[in-house]
Amino acid sequence: MSAALQNREALFDLLKVWSERGWLRELDRSLAQFFAELDETASPLLLLATALASHQLGQGHVCLDLAVTLSDADFALSLPPEGEEAEQTVLLPSQVLQEVTLAQWRDACRASVLLAAGHDSPLVLQGNCLYLRRYWDYEQGVAEHIRTRLRMPVQEPKQLAARLNRLFPEPLLIAGKRQTDWQKLACALAACGRFTLITGGPGTGKTTTVVRLLALLQEAAMSEGPALRLSLAAPTGKAAARLTESIGGQVASLPLDESIKQQIPTTVTTLHRLLGSLPGSRHFRHDAGNPLPLDVLVVDEASMIDLEMMANLLDALPAHARLILLGDKDQLASVEAGAVLGDLCRDAEAGGYSSQTLAWLQARTGEQLHDASLISSEQALAQHIVMLRHSRRFGSDSGIGQLALAVNAGEAGRARSVLEAGYADLYRLNLAGEQEAALERFLLDGIARQAQGYRHYLNVLHEQRPGDEASLADWDGWARRVLSAFDRFQLLCAVRKGSWGVEAMNLRIAQSLRLAGLLEADQGWYEGRPVLVTRNDYSLGLMNGDIGIALKLPDDNDGLRAPVLRVVFPRNDGSGELRHILPSRLNVVETVFAMTVHKSQGSEFEHCALLIPDALNPVLTKELVYTGITRARRWFSLIESRAGVFEQAVLRQVVRRSGLREAIEPRE
């Protein structure tokens, strides 16, 4: 057995080296050292497991699976970071654990008082999975809340079939052939449950479905009594703003009385604002002791909700309230630990409905579910999940749609064939080297007159600037046009560091724009600088994910109207109003010519480009590639810095370790 597992000091020396290399977080090393002080007899094997379990949280896993770690130990660390080669002079986890058996590792964990103190123990071992206590509690709490909601009967709204037929008056026809209307089925299921999951890819109608669902519930409630208290939320400000933009027009077009439409919300808040985030704390104003005052809560972009946030949300939800989660199960999960939507919806494509559920759905909706790919199941959770399957945005002639399907299926060869098939909405840029000027030309000018690059928004900024005598309303109109023009194109990166990462690309693009005479500077604050808010700032009314642009605007103080540099953000309330904020007040922003794919979730862009780095990286997976592709509304560009890396990424799937699904319904 390795010396690091025979001597605690040798282990801590190794953990220190890993931390210095960036393979392990300093937090992880410190936690192992702290636990060593709590249990002076704890074996090095347990302390190593503690450090790795802590590190797994940073990688999105809720726990450390000992068996999986023994089979591929080096993936338990951030190794190698950002595609760099690992130094072979440093022991790797696979070498340290080479002679360790699963039984030995489990026994070493069980022998410690750190796992033997009942509900007060800082660690929990469940089967082969080691948890930090807090995350075990989160997982068990979420599972118990969901189990309880699945068991609670809900009275079916009166005249459900008639109401559904009024909201979905025409059969769904695709290429002249009738198809199952999964939106109608989703409304029926959600109307009769306290917990519903609606998943589907881009353009499958998640927003349309939820608008009609809220209309159905509100109309039924108001026909007999008071209106329901409805609320819409999303994990980020950008996601909330996008849903707010799309929902208003749909509510206005509903075939309902105006009095009912007025009781359907058209503004969306963030989860943090909904729950009442307490500054400097992990806690919220609304919790089990102070539940949310609502009857129905719909949460969009639910793939971005981590385990801790889901636990807080369910704690704060009244027992009688309905919860409907919307999201794309195939997108990247939250950057924090847990993949709640993905865990719960992992079998959604198979349906899993019981014969009783099928008969009820067909009776209420008139839809037939005879698809041979659907399986039968008696599992309670499956009866509350609907997968929307027909994309209205990306049809069979859409290259973006076909590419997304191929990537999502993990079919690298098919994805490459789609890229090379000549679709009008797909473009490839192959770079011969790191400094190839073709990259700058593409980022500035795009690929066609319609598929713009970054030159477009700066042309709007310079050429459409109002004159000296223009009104403040004219200046606001100009600022909106600049923001809208910037929103047409976005470069997405897989990583933050390195030559192909966000930090390098942001500087490179700014320098190129300055050399082209479009920016006056490329560092610090300058007119035209786009910035991304990276953390909620309630004092300024800014949410994580908000994007603003620095513009010189007239200052009316003392009637001087001298231009002052301010950062202009659109408000998240759907009003179309703007916020003008002095740069000196913004402490949590970064330049955003390039952003990570993770940060792009909840956003869409007319033209989106994904830059694939020149080496495979732990974050480079099919989920990341799929998420990047589906941020594009009309055009998608793939930028490759080395052949073959794209295919390798498509073949790699994110597997987040958790026991949530099994905690809800243990499998036989």
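The values are calculated or read from the model by the stated rules, or taken from the named source; none is laboratory data. Every value quoted in this text rests on a predicted model; they were computed, and no experiment measured them. Virtual Cβ from ideal backbone geometry, glycine too; neighbours counted across all protein chains shown. The protein model used for the area step is the full one, side chains on, heavy atoms only, and it has no ligands, DNA or RNA in it. Shrake-Rupley method; radii C 1.70, N 1.55, O 1.52, S 1.80 Å.
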Across (1) assigned to a helix (DSSP H, G or I); (2) acidic (Asp, Glu); (3) modelled with pLDDT under 90, GLU87 clears everything bar (1)
For region 608-634, pairs from a residue that is closer than 20 Å to TRP23 by Cα to a residue that is assigned to a strand (DSSP E or B) and of a type in the set (A, V, I, L, M), with Cβ under 9 Å and 6 or more apart or across chains, are LEU620/ILE612
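Please go through region 365-374 and pick out each residue that is over 22 Å from PRO153 (Cα atoms), at pLDDT 80 or above and either open to solvent by 20 Å² or more (accessible area, probe 1.4 Å) or part of a helix (DSSP H, G or I) (or both). Walk me through how you get there before you give the answer.
Residues of region 365-374 over 22 Å from PRO153 (Cα atoms): 366-374.
In the following step, the residues that additionally are at pLDDT 80 or above were identified as 366-368.
GLY366, GLN368 - these are the residues of region 365-374 that are over 22 Å from PRO153 (Cα atoms), at pLDDT 80 or above and either open to solvent by 20 Å² or more (accessible area, probe 1.4 Å) or part of a helix (DSSP H, G or I) (or both).
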Task: Hey, LEU232 open to solvent by less than 20 Å² (accessible area, probe 1.4 Å) and within 30 Å of GLY58 (Cβ to Cβ) or not - done: no
Among strands (runs of 3 or more DSSP E) entirely within region 562-668, at least 3 residues that are open to solvent by less than 10 Å² (accessible area, probe 1.4 Å) occur in 562-570, 605-612, 632-640
Filtering region 238-278 down to residues that are over 15 Å from VAL210 (Cβ atoms), outside any helix (DSSP H, G or I) and of a type in the set (Gly, Ala, Ser) yields GLY276, SER277
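With the requirement that a residue be among the acidic types (Asp, Glu), farther than 30 Å from HIS145 by Cα and more than 24 Å from the chain's Cα centre (by Cα), what does region 362-420 give you? Don't jump to the end; show me each part of the working.
Narrowing region 362-420 to residues among the acidic types (Asp, Glu): 367, 371, 378, 397, 411, 420.
Filter once more, so that each one left must be farther than 30 Å from HIS145 by Cα: 367, 371, 397, 411, 420.
Selection gives GLU367, ASP371, ASP397, GLU420.
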Residue check: is LEU314 surrounded by fewer than 24 Cβ atoms within 10 Å (Cβ to Cβ) and not in a strand (DSSP E or B)?
yes
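For region 172-183, state whether one or more residues are closer than 30 Å to VAL68 by Cα and out of contact with any His (no Cβ under 7 Å at 6 or more places or on another chain).
Residues of region 172-183 that are closer than 30 Å to VAL68 by Cα, as a first pass: none.
No.
Quick one: which of ALA333, ALA319 is in a loop (DSSP other than H, G, I, E, B), in contact (Cβ under 8 Å) with a residue 12 or more places away in the chain and crowded, with 23+ Cβ neighbours inside 10 Å? First the steps, then the outcome.
Values: ALA319 fails: crowded, with 23+ Cβ neighbours inside 10 Å.
It is ALA333.
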For region 213-240, pairs from a residue that is free of Cβ contacts under 8 Å to residues at least 12 places away in the same chain to a residue that is β-branched (Val, Ile, Thr), with Cβ under 9 Å and 6 or more apart or across chains, are none
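Which of the following residues is open to solvent by less than 20 Å² (accessible area, probe 1.4 Å), within 27 Å of GLY628 (Cβ to Cβ), of a type outside the set (Ser, Thr, Tyr) and modelled with pLDDT of 90 or more: LEU297, LEU271, LEU326?
Details: LEU297 fails: within 27 Å of GLY628 (Cβ to Cβ); LEU271 fails: modelled with pLDDT of 90 or more.
Criteria check complete, one pass: LEU326.
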LEU197 meets each of (1) assigned to a helix (DSSP H, G or I); (2) at pLDDT 90 or above; (3) within 24 Å of ASP343 (Cβ to Cβ) with one exception, condition (1)
The residue that is farthest from GLN402 (Cα to Cα), considering only those in region 602-652 that are hydroxyl-bearing (Ser, Thr, Tyr) and touching a strand residue (DSSP E or B) at 6+ places or on another chain (Cβ under 8 Å), is SER641
